[in-house]
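Let me begin by presenting the structure, written as structure tokens, before commenting on it.
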Amino acid sequence: MKKTIKLALLPGDGIGPEVMTAALTVLKAVERAYGLSVTVTEGLVGGIAIDTHGTALPKETLSLCETSDAILFGSVGGPKWESLPPEKQPERGALLPLRKHFDLYANLRPAFVYPALIEASPLKNNRLVGGLNILIVRELTSGIYFGKPKGREGSGPSERGFDTMAYSRSEIERIARFAFKTAQNRKKRLVSVDKANVLATMMFWREVVTAIAKEFPDVTLSHLYVDNAAMQLINAPQDFDVILAPNMFGDILSDEAAMITGSIGMLASASLSASGFGLYEPIGGSAPDIAGTNKANPIAQILSLAMLLEHSFALNECATAIHNAIARVLADNYRTRDLVHDDNTREAQQFNILSTQEMGAAIAEKIT
Ligand code: NAD
């Protein structure tokens with residue numbers, strides 16, 4: 001168990017700095033309770049880095065990440081930078097290059113419902129009896145987000161925009177093996193999502209995933225077209241264990257899964273390289289509509305910290321302590337605003353609405 005940790009902290013834009021401050025409050029409590037020694041160094045990324053350095057990913061930030069054990073990331077982007085050329089914008093200019101630079105090909109997005117939050121799910125509660133525990137494994141460094149050619153050409157009625165969806169055999173094999181190994185440590189059920197009925201890339205994806213399944217006879221593999229997967233996530237979310245998805249489909253399905261859990265402010269993610277280096281971040285964006293109001297839900301950022309402690313440092317005990325603290329705070333009826341969908345119900349009136357920093361402090365207080 002590694003007890004000395006060097007962390008690169010990239011809060012970014014919008015709600016990023018607010019939810020990161022709350023996560024640091026929890027980190028301090030974990031350090032105290034478990035005798036960890038964490039050195040945290042902050043770097044600029046995204047829009048704020050464009051404003052100060054003229055680029056979304058300054059070289060100082062990249063070298064900070066290279067010399068750290070792991071990266072805790074907030075979120076980037078906002079209306080202020082939306083008129084920049086696409087490759088200079090915060091997400092395209094910082095997040096995608098960071099994923100590519102460290103070859104963070106495996107993106108883990110766990111979606112589970114805390115018992116106290118079943119009421120906050122937009123699904124009827126009978127669909128969630130017994131809870132929900134899905135792990136989405138999304139391919140992160142290839143597919144349509146990275147394929148070339150990409151761009152626009154021509155003018156007038158024949159002007160067109162285009163992207164390329166492409167996967168090599170080795171890219172599919174490594175993410176498939178990762179997903180099968182992950183399923184082996186869970187309920188041993190893997191659903192691979194594709195669009196093999198229409199897209200040549202996805203026919204190839206299905207063929208390669210099926211071939212890799214032979215290496216994992218203890219895992220049951222099934223395939224779903226992405227449109228059907230989107231329906232089944234709503235219809236029977238409990239039927240899923242591990243979902244393997246190409247880049248874009250994983251992006252979309254994980255937002256859907258997030259909503260089932262009550263709010264996008266509840267879901268964390270880990271992006272890992274083959275050597276185990278990791279970047280950890282909430283799945284949501286910079287939420288410009290609530291930035292600066294101290295209303296954002298910091299739990300996704302705090303769960304990203306828990307994933308970091310578990311995956312980069314095998315500090316499972318610390319990660320469990322964070323989960324338990326969150327569960328206790330929610331069970332005590334503390335909520336952030338996003339978790340209460342209808343203020344007028346009798347149930348809603350029993351909740352104590354906390355600010356971002358109050359939620360961080362409440363969770364930190366329950367770390368034992
Ligand atoms: P978003 O996730 O920022 O917001 C969608 C909705 O969810 C908003 O109503 C927002 O208030 C709410 N929300 C998100 N996180 C929340 C939280 N923690 N607590 C409470 N409510 C929360 O998505 P968007 O509006 O599509 O994008 C806004 C900006 O974020 C854009 O500039 C986009 O490019 C960027 N973005 C960044 C990332 C990233 O940094 N990884 C990911 C997605 C979007």
Any residue at all in region 66-81 that is open to solvent by 40 Å² or more (accessible area, probe 1.4 Å), under 15 Å from LEU44 (Cα atoms), without any contact (Cβ under 8 Å) to a residue 40 or more places away in the chain and not small (Gly, Ala, Ser)? yes
Restricting attention to region 195-228, and to residues there that are open to solvent by 50 Å² or more (accessible area, probe 1.4 Å) and in contact with a Phe, Trp or Tyr (Cβ under 8 Å, 6 or more places away or on another chain), which single residue is farthest from ILE172 (Cα to Cα)? ASN197
For region 267-281, give me the residue count where each residue is surrounded by 23 or more Cβ atoms within 10 Å (Cβ to Cβ) and either on the phi > 0 side of the Ramachandran plot or aromatic (Phe, Trp, Tyr) (or both). 1
Pairs please, first residue from region 338-352 and within 16 Å of the ligand (Cβ to nearest atom), second anywhere and among the hydroxyl-bearing types (Ser, Thr, Tyr) and at pLDDT 85 or above, Cβ atoms under 9 Å, 6+ apart in sequence or on different chains. ASP338/SER263; LEU339/SER263; HIS341/SER263; PHE351/TYR334
Residue pairs, Cβ under 8 Å, 6 or more apart or interchain, first in region 291-311 and at positive phi, second open to solvent by less than 20 Å² (accessible area, probe 1.4 Å) and within 12 Å of the ligand (Cβ to nearest atom). List them. ASN294/THR356
Restricting to region 60-79, and then to whatever is near the ligand (Cβ under 9 Å from one of its atoms) and touching a helix residue (DSSP H, G or I) at 6+ places or on another chain (Cβ under 7 Å), can you tell me which residue is nearest to LEU9 (Cα to Cα)? GLY74
Only residues that are part of a helix (DSSP H, G or I), closer than 30 Å to ARG152 by Cβ and hydroxyl-bearing (Ser, Thr, Tyr): list them for region 53-87, please. THR61
Would you mind finding the one in SER269, SER275 that is under 20 Å from the mean Cα position of the chain (by Cα), part of a loop (DSSP other than H, G, I, E, B) and of a type in the set (Ser, Thr, Tyr)? SER275
Looking at GLU42, GLU82, GLU60, GLU18, can you tell me which residue is closer than 24 Å to SER142 by Cα and of a type in the set (Asp, Glu)? GLU82
Any chance region 139-152 includes a residue that's away from the ligand (no atom under 16 Å from the Cβ), within 30 Å of ALA274 (Cα to Cα), at pLDDT below 95 and of a type in the set (D, E, K, R)? yes
Of the residues PRO122, PRO97, which single one is open to solvent by 20 Å² or more (accessible area, probe 1.4 Å), within 16 Å of the ligand (Cβ to nearest atom) and outside any helix (DSSP H, G or I)? PRO122
Filter result for the condition that a residue is in the same structural domain as ARG127 (by TED's automatic domain parsing), surrounded by 23 or more Cβ atoms within 10 Å (Cβ to Cβ) and more than 16 Å from the ligand (Cβ to nearest atom), over ALA176, ALA166: ALA176
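Conditions tested, residue by residue: (1) out of contact with any strand residue (DSSP E or B) (no Cβ under 9 Å at 6 or more places or on another chain); (2) in contact (Cβ under 8 Å) with a residue 24 or more places away in the chain; (3) over 30 Å from ILE234 (Cα atoms); (4) open to solvent by 30 Å² or more (accessible area, probe 1.4 Å).
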| residue | (1), (2), (3), (4) |
| --- | --- |
| LEU7 | no, yes, yes, no |
| PRO11 | no, yes, yes, no |
| MET20 | no, yes, yes, no |
| ALA23 | no, yes, yes, no |
| VAL40 | no, yes, yes, yes |
| GLY47 | no, yes, yes, no |
| LEU108 | no, yes, no, no |
| ALA111 | no, yes, no, no |
Inspect all residues belonging to region 287-303 and state whether any of them is more than 17 Å from GLU91 (Cα to Cα), within 10 Å of the ligand (Cβ to nearest atom), of a type outside the set (Phe, Trp, Tyr) and modelled with pLDDT under 95. no
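The values are calculated or read from the model by the stated rules, or taken from the named source; none is laboratory data. Since the structure is predicted, the reported quantities are computational estimates derived from the model, not experimental observations. Cβ atoms come from the backbone with ideal geometry, glycine included; neighbour counts cover every protein chain shown. In case anyone asks, the SASA skips ligands and DNA or RNA and just uses the protein heavy atoms, side chains included. Shrake-Rupley method; radii C 1.70, N 1.55, O 1.52, S 1.80 Å.
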